[in-house]
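Encoded as structure tokens, the structure appears first; notes follow it.
Any read-out appearing in this document is the output of simple, stated calculations on the displayed coordinates, not a laboratory observation. Remember, predicted model here, so these are calculated numbers, not experimental data.
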Amino acid sequence: MDGLSAPALTGIRRLSALDTVRARIALAVELGLLAPGEALPPGPEIASALGVGEITVRRALVSLCSDGVLVRRRGRGGGTSVAAEPALGVVAEIAAYTGAGAEVHELIDHRLALETGLVHLAAIRRADDAVPAMEDLVQRMEKASGWAEFHELDARFHATVVEASGLTATERYGEVVRELYRYYLPYPLAYLRESNREHAKLVAAIDRRDAVAAVEVTCRHVEVLHETMLSRHSR
């Protein structure tokens, strides 16, 4: 993965786990992905979605409240939400993400090149029980209550598709996806629901063993990341 160790990637690796959570949530607010007044998921869900510990999430949320990005309400019906007029430009660690555009686009292209081949094989080789497992995940994503739950199910869905390819040596794909997930930001649920429509189309193509259609869906699904990651276009 020599091509993935560019300076900006090294930059986000230098951030502590606490700072990555602060940066990703604050950037989502600044990009309009998290709207003023919008409630955040429970801490354990955020921890799972962002790949950090719950204590780290709690510390990050407290600090973002102190910064004026978020607000915390106690008692019944309380929780953490985006401030009505969130402070902008107060989380310096955001720069490690906003300055990584070229590296993110390269990661997306890596994912596209690898995933289209794996999807092609999945459509041809998938076992009979693979499609019901994919359909179940699509249904669960449709019912997801927020971006954190959806993200976890989305990761499981794509892993299931890759597994259906029958290949055992998929480490390179896993590395690329993990690197790309470092840049994952909370997306509006409406956008994620639309993304899930493509999941359903992909499953239908795999179900009928239509490799060409499966690859076409995958191309659309991955290439759109060039327009949406770290940008306002996803709202």
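Rounded, prolate or oblate: which fits the chain when a ≥ b ≥ c are the square roots of the eigenvalues of the alpha-carbon gyration tensor, with rounded for a/c under 1.5 and prolate only if a/b beats b/c?
Prolate shape, in that a/c is at least 1.5 and a/b is the bigger ratio.
Classify the range 101-234 from the C-alpha gyration tensor, please: rounded if a/c falls under 1.5, else prolate or oblate depending on whether a/b exceeds b/c.
oblate
Once you sort the root eigenvalues of the Cα gyration tensor of the range 134-175 as a ≥ b ≥ c, which label holds: rounded (a/c under 1.5), prolate (a/b larger than b/c) or oblate (the other case)?
Oblate, because a/c is 1.5 or more while a/b does not exceed b/c.
Apply the Karplus parameterisation 6.51 cos²θ - 1.76 cosθ + 1.60, with θ equal to phi minus 60°, to every residue of the range 114-131 and state each ³J(HN,Hα) to the nearest whole Hz, in sequence, with x for glycine and proline.
Ordered by residue, 3J(HN,Hα) equals 7, 5, 5, x, 5, 5, 4, 5, 4, 5, 7, 9, 3, 6, 5, 8, 6, 5 Hz.
Can you give the relative contact order of the chain as a percent, counting alpha carbon pairs under 8 Å and 6+ residues apart?
For the chain, the relative contact order is 26 percent.
List, in order, the whole-Hz ³J(HN,Hα) value for each residue of the range 157-171 obtained from phi through the Karplus relation with A = 6.51, B = -1.76, C = 1.60 and θ = phi - 60°; use x for Gly and Pro.
My calculation for the range 157-171 gives 4, 5, 5, 5, 4, 4, 4, 5, 5, x, 7, 9, 9, 10, 4 Hz in order.
For the range 2-95, what is the Kirkwood estimate of the hydrodynamic radius, computed as the reciprocal of the mean inverse distance between distinct Cα atoms, to one decimal in Å?
When all Cα pairs of the range 2-95 are included, the Kirkwood radius is 13.7 Å.
Using the alpha-carbon centroid of each, what span in Å lies between the range 170-225 and the range 15-29?
Comparing the Cα centres of the range 170-225 and the range 15-29, I get a distance of 24 Å.
Helix-only estimate, please: 222 nm mean residue ellipticity of the chain, summing -39500 (n - 2.57) across DSSP H runs of length 4 or more and dividing by its residues, to the nearest 500.
-20000 deg cm²/dmol
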